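Input: a single structure, listed below in structure tokens.
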Amino acid sequence: MNCSQAPGFILLGLSSNSEKWQPLFSIFLVLYLLGLLGNLLLLLAIGTDVHLHTPMYFFLSQLSLVDLCFITTTAPKMLETLWTGDGSISFSGCLTQLYFFAVFADMDNLLLAVMAIDRYAAICHPLLYPLLMTPCRCRVLVSGSWGVAHCVSLTHILLLSQLYFHTNQEIPHFFCDFGPLLLLSCSDAHLNESLMMALAGVLGISALLCIVSSYGCIFYAVAKVPSAQGKRKALATCSSHLSVVLLFYSTVFATYLKPPSSSRSSGEVVAAVMYTLVTPTLNPFIYSLRNKDVKSSLRRILNMVKSQD
């Protein structure tokens, strides 16, 4: 089989049954548009309401921005494949998609950890919170997360670009992911796989430990609150974040808790759909439906739109 350093690939998409393409296209187009609308509305609500210019909502706006970019990295190509039946993608296009996919996936992971730290500071050290989470420190946390995500992604892409791949090969996925690409490599991809698992392990485990330890301290602090109402009020500010954390990590583990070069099952493709499209779509609705401040800001925006009509 011929090998090349810049081959073309064919994304097989979600199903080989062409009769399912149109229904799947309709479902995922609606999900994609809902994701765009939900995240844009949340960004608009936070950006236009001065009452929401706090560290918690600053991090939430960054999460919405990342989710907006995340779904746009994979969904358009998936929808194109379902609509036209043509899943062909160039090597440079594949690496570009993979680069931004890795950046936004790492950012989701890091931002959830940063948001856990913010909740820990707000609940466990309420009097020191304004001093701990200053605007400058918030910007440093977010900027550092962006820097780490870009560096990690760039490292992977540079190593992948040095490999040779079988030409005109089919990728059994709806987007370019590390695992399916490594399976098509003619070269020894042991270094790529080892580094990928090491970096993913360090980033994932450190962020998860940060979240677990933060919530361990939060639950300990809440347990010492004498009144039931005080406990409910403290935990209410964490419920949305906890829901997003559980949704994010459960789908990530279902997708990636195995060596990158091992073959993919249909269940893992479904988990990947949840991880790349459903979760970023649900996040803004989870935060807005459970948050009175966000709902109030959204109602104000809708009333302004109606008054202009």
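The values are calculated or read from the model by the stated rules, or taken from the named source; none is laboratory data. None of the values given here were measured: they were computed from a predicted structure. Please note: Cβ atoms are built from the backbone with ideal geometry, for glycine as well, and neighbour counts cover all protein chains shown. We work out accessible area using only protein heavy atoms, side chains counted, and drop any ligands, DNA or RNA first. Shrake-Rupley method; radii C 1.70, N 1.55, O 1.52, S 1.80 Å.
The mean sequence separation of alpha-carbon pairs under 8 Å and at least six residues apart, normalised by the residue count of the chain, gives a relative contact order of 30 percent. Using the Karplus relation 6.51 cos²θ - 1.76 cosθ + 1.60 with θ = phi - 60°, the per-residue 3J(HN,Hα) values for region 212-226 come to 5, 5, 4, 6, x, 5, 5, 5, 5, 5, 5, 4, 7, 6, x Hz, with x marking Gly and Pro.
Ranking Cys94, Val140, Thr48 by Cα position along the charge dipole of the chain, where only Lys, Arg, Asp and Glu carry charges on their C-beta atoms, puts Thr48 farthest toward the positive end. Neighbours of Ser213 by Cβ distance under 15 Å: Lys/Arg scored +1, Asp/Glu scored -1, total 0. Annotation: for a label point projected 7 angstrom from Cα along Cα→Cβ of Leu302, residues of region 13-57 with backbone N closer than 14 Å are 38, 41-42, 45. Taking a sphere under 12 Å around the Cβ of Leu112 and counting the other residues whose Cβ falls inside, with K and R at +1 and D and E at -1, yields a net charge of -3. Only Lys, Arg, Asp and Glu carry charge here, each on its Cβ (+1 for the first two, -1 for the last two); on that basis region 1-147 has a dipole of about 260 debye about its Cα centre. Between Leu158, Val225, Asn17, the Cα set farthest toward the positive side of the dipole of region 7-307 (charges on each charged residue's Cβ, about the Cα centre) is that of Val225.
Give the percent of DSSP beta bridges with both residues in the chain that are antiparallel, rounded to the nearest 5.
Values: 6 of 9 bridges.
Of those bridges, close to 65 percent are antiparallel.
Proximity of backbone amide H atoms, modeled 1.01 Å from N, is registered between Ile171 and Ile10, Leu11, Leu12 at under 5 Å, excluding neighbours fewer than 5 places apart on the same chain.
How charged is the neighbourhood of Pro55? Take every other residue with its Cβ under 11 Å from the Cβ of Pro55, and add Lys/Arg as +1 and Asp/Glu as -1. Could you put the intermediate results ahead of the total?
Details: positive: Arg119, Arg137, Arg139; negative: Asp118.
Once all neighbours under 11 Å are counted, the net charge is +2.
The label point for Cys69 and the one for Cys186, both projected 7 Å from the Cα toward the Cβ, are 3.5 nm apart. In terms of the mean number of neighbouring beta-carbon atoms within 10 Å, the peptides 217-229, 179-191 order highest first as 179-191, 217-229.
Calculated from DSSP H runs of 4 or more alone, at -39500 (n - 2.57) each and per residue, what is the 222 nm mean residue ellipticity of the chain, nearest 500?
Working: 11 runs with 227 residues, N = 309.
The helix contribution divided over the chain gives -25500 deg cm²/dmol.
If each of Ser250 and Leu209 carries a label point 7 Å out from its Cα toward its Cβ, how far apart are those two points in nm? Rounded to a tenth, the inter-label distance reads 2.6 nm.
Using a 1.4 Å probe on the protein heavy atoms, what percent of the accessible area of region 7-307 belongs to carbon and sulfur?
The nonpolar share, carbon plus sulfur, comes to 70 percent.
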